[in-house]
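Peer 1: My questions all concern the structure below.
The values are calculated or read from the model by the stated rules, or taken from the named source; none is laboratory data. Just so we're clear, the structure is a prediction, and the values are computed from it rather than from any experiment. Quick reminder, even Gly has a Cβ in these numbers, built from the backbone with ideal geometry, and neighbours come from all protein chains shown. Surface areas here come from the heavy atoms of the whole protein model, side chains and all, with no ligands, DNA or RNA. Shrake-Rupley method; radii C 1.70, N 1.55, O 1.52, S 1.80 Å.
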Amino acid sequence: EVPDNMKDPNGNWVSAYYGIMSIGTNTTIVKNAPASFADLAKPEYKGQVALNGDPRTSGSALAAVMAASIANGGSADDIMPGIKYFAALKASGNLIPTEVTQATVISGETPIALDWSYNYPGIAKAVTDAGFTYQISFPSDAAYGAPYAQGVVKGGPHNACAKLWIEHILSNEGALAYLGGGGMPARYAALDAAGAISEADKANLPPADLLAKVIFLTPEQSTAANDTLVANWGPMVADA
C-alpha cells in the first residue's frame with residue numbers, strides 16, 4: 001500500500017509520510033492570500049514573501065525553489081527556472097531575507113511564508129491565539145512533495161523496537177496521526193478507500209486533482225538539484 005516512489009525497491013528504507021510545499025498567509029495583514037507562485041510575483045505582495053531559511057542549507061527552502069521551478073516550466077531534473085524565479089522575486093522586492101519563524105509570522109515580519117504543509121498547524125494555532133487569522137494554500141501551479149525515509153539500523157542494540165516503531169508509523173493509527181499534524185501519510189490511498197479519513201481531516205488537504213499530481217524527486221535528482229542551487233543561489237539571488 002506504500003507507493004513505489006516512497007520505498008526502496010530493495011527494501012532498505014520506507015517512507016511513512018511526506019510534506020507538500022504550501023503557502024501560509026497571515027490574512028489579518030494580507031487580505032488577499034496568494035494561491036500560486038504566479039500570485040506571489042504580484043506587486044501587491046512587495047516585502048511580504050519569505051522562505052524558511054537559506055535553500056543552500058534548509059531542506060524546506062530548497063523545496064520551495066524546486067516547486068517554483070515546476071511552476072515555471074522546470075522539472076524534477078531542472079531547478080534553474082526556480083532559481084531565476086526567486087532572483088526576479090528578490091529584484092521586485094517581494095522576497096525578503098527574514099527567515100520564517102512563529103514569531104515573525106505573528107509580528108507581521110513574514111506575513112507570507114513558503115513551507116511544508118506539516119509545519120503550518122502549529123503556526124496557524126499560534127497566529128490564531130494571538131488574535132490574527134491564517135490561511136494555508138496549496139499552490140495551484142506546483143504540486144511538490146518530499147517523503148521522509150525510515151529504516152532499521154543493521155546491528156543496532158534494539159532492532160525489534162525499531163521494527164515495531166516502523167510498523168506503528170505505517171499503521172492506520174500512525175498514519176492518521178501524521179495526517180492530524182499536517183503530514184500526508186504514505187498509505188493515504190488505502191486509508192481513504194477504507195473510509196478511515198474524517199471529513200475534517202480532508203478539509204485541510206489539497207484538492208484531489210492536485211494531490212494526484214504531487215511530484216517527488218529521486219535521491220539522484222535531489223542531489224543534482226542541490227548541487228545546481230548551491231552553485232547559483234549566491235550569485236543569482238543571495239548576493240545579487
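Peer 1: If residue 37 meets every condition in (1) over 23 Å from residue 140 (Cα atoms); (2) open to solvent by less than 70 Å² (accessible area, probe 1.4 Å) apart from one, which number is that one?
Peer 2: (1)
Peer 1: Could you list all residues from the stretch 102-122 that are open to solvent by 50 Å² or more (accessible area, probe 1.4 Å) and within 19 Å of residue 146 (Cβ to Cβ)?
Peer 2: 118, 119, 121
Peer 1: Quick one: which helices (runs of 4 or more DSSP H) lie wholly within the stretch 155-240 and hold at least 2 residues that are at pLDDT below 95 and of a type in the set (Phe, Trp, Tyr)?
Peer 2: Where helices (runs of 4 or more DSSP H) fall fully within the stretch 155-240, none carries at least 2 residues being at pLDDT below 95 and of a type in the set (Phe, Trp, Tyr).
Peer 1: For residue 141, which of the numbered conditions (1) touching a residue at least 24 places away in the same chain (Cβ under 8 Å); (2) crowded, with 18+ Cβ neighbours inside 10 Å fails to hold?
Peer 2: (2)
Peer 1: Assuming residue 125 fulfils every condition listed in (1) open to solvent by less than 20 Å² (accessible area, probe 1.4 Å); (2) among the charged types (D, E, K, R); (3) farther than 24 Å from residue 37 by Cα apart from one, which condition is it?
Peer 2: For residue 125, the exception is condition (1).
Peer 1: Residues of the stretch 118-147 being of a type in the set (Ser, Thr, Tyr) and assigned to a strand (DSSP E or B), which ones?
Peer 2: Matches in the stretch 118-147: 134, 137, 144.
Peer 1: Working only within the stretch 91-101, note down all residues that are surrounded by fewer than 17 Cβ atoms within 10 Å (Cβ to Cβ) and over 16 Å from residue 56 (Cα atoms).
Peer 2: Within the stretch 91-101, 91, 92, 93, 101 meet the criteria.
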